[in-house]
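Each remark here refers to the structure printed beneath this line.
The values are calculated or read from the model by the stated rules, or taken from the named source; none is laboratory data. Just so we're clear, the structure is a prediction, and the values are computed from it rather than from any experiment. So basically every Cβ, Gly included, is an ideal-geometry build from the backbone, and we count neighbours across all protein chains shown.
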Amino acid sequence: MKLDTKHFGEIEIDEEKIISFPEGIPGFEDQKRFVIINNHDSENPFDWLQAVDKGNLSFVVINPFLVKPDYDFVLSQSVEEKLKIENEKDVAVYTIAVIPEDIKKITINLLGPVIINVKEKLGKQIILNDERYSTKYYIFGQDQNCRRE
């Protein structure tokens, strides 16, 4: 399937890799189908969550455990049921990154991880109720880490 994107131009995607987000992503509830576009640069840990039906919509994402190895949370039973999670090994976790002009100020949203059941191709961004985390966690160790904003 061909996909015309803002950041990558026209790309070919495997329809079997499309992830269904039945509830969309908060703020983009009308977008239900996404695909992960992996970064081919092994030195760059960022990937993209690209909307299939809106080529100009993509999110920079990263595995949060690469930045914060002690990151942890528990999925609610309702999320596990919605995503048909049966085995932890089928779960991929991403966080959305904000990349400003000054790349030393890159932040990730630890309060809103994106959970994907890679086996069932189902995804959901959840909102944690956890004071340990912030929507703006500076990945390069700014003093403001874990401050709520």
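Determine if the range 102-110 includes at least one residue that is under 15 Å from the mean Cα position of the chain (by Cα), modelled with pLDDT under 95 and surrounded by fewer than 19 Cβ atoms within 10 Å (Cβ to Cβ).
no
Applying the selection to the range 111-129, what residues are at pLDDT 95 or above and over 19 Å from I36 (Cβ atoms)?
Within the range 111-129, the first condition is being at pLDDT 95 or above, and the residues that meet it are 111-128.
Result: L111, I127, L128.
Need pairs with beta-carbon distance below 7 Å; first residue over 17 Å from K84 (Cα atoms) and touching a residue at least 40 places away in the same chain (Cβ under 8 Å) and within the range 100-128, second surrounded by fewer than 17 Cβ atoms within 10 Å (Cβ to Cβ) and among the small types (G, A, S); sequence gap 6+ or separate chains.
Between residues of the range 100-128 that are over 17 Å from K84 (Cα atoms) and touching a residue at least 40 places away in the same chain (Cβ under 8 Å) and residues that are surrounded by fewer than 17 Cβ atoms within 10 Å (Cβ to Cβ) and among the small types (G, A, S), the close pairs are I127/G112.
Kindly indicate which of F65, F21 is surrounded by fewer than 17 Cβ atoms within 10 Å (Cβ to Cβ), within 15 Å of P113 (Cβ to Cβ) and in contact with a Phe, Trp or Tyr (Cβ under 7 Å, 6 or more places away or on another chain). Reasoning before the result, please.
Values: F21 fails: surrounded by fewer than 17 Cβ atoms within 10 Å (Cβ to Cβ).
The unique qualifying residue is F65.
Could you tell me whether the range 41-48 includes any residue that is surrounded by fewer than 15 Cβ atoms within 10 Å (Cβ to Cβ) and within 19 Å of K136 (Cβ to Cβ)? Show your work before the answer.
Here is the first cut: in the range 41-48, the ones surrounded by fewer than 15 Cβ atoms within 10 Å (Cβ to Cβ) are 41-45.
Next cut, within 19 Å of K136 (Cβ to Cβ) only: 45.
Within the range 41-48 (the criterion being surrounded by fewer than 15 Cβ atoms within 10 Å (Cβ to Cβ) and within 19 Å of K136 (Cβ to Cβ)), the answer is yes, since at least one residue qualifies.
For the range 37-73, give me each residue that is over 19 Å from I18 (Cα atoms) and acidic (D, E).
If the condition is that a residue be over 19 Å from I18 (Cα atoms) and acidic (D, E), then D41, E43, D70, D72 are the ones that fit.
Here's a check for you: in the range 42-93, which residue that is more than 22 Å from D4 (Cβ to Cβ) and of a type in the set (K, R) is nearest to the chain's Cα centre (by Cα)?
Step one: filter the range 42-93 for residues more than 22 Å from D4 (Cβ to Cβ), giving 42-45, 62-93.
This time we only want the ones that are of a type in the set (K, R), so: 68, 82, 84, 89.
On the way: K68: 15, K82: 17, K84: 18, K89: 17 Å.
It comes out as K68.
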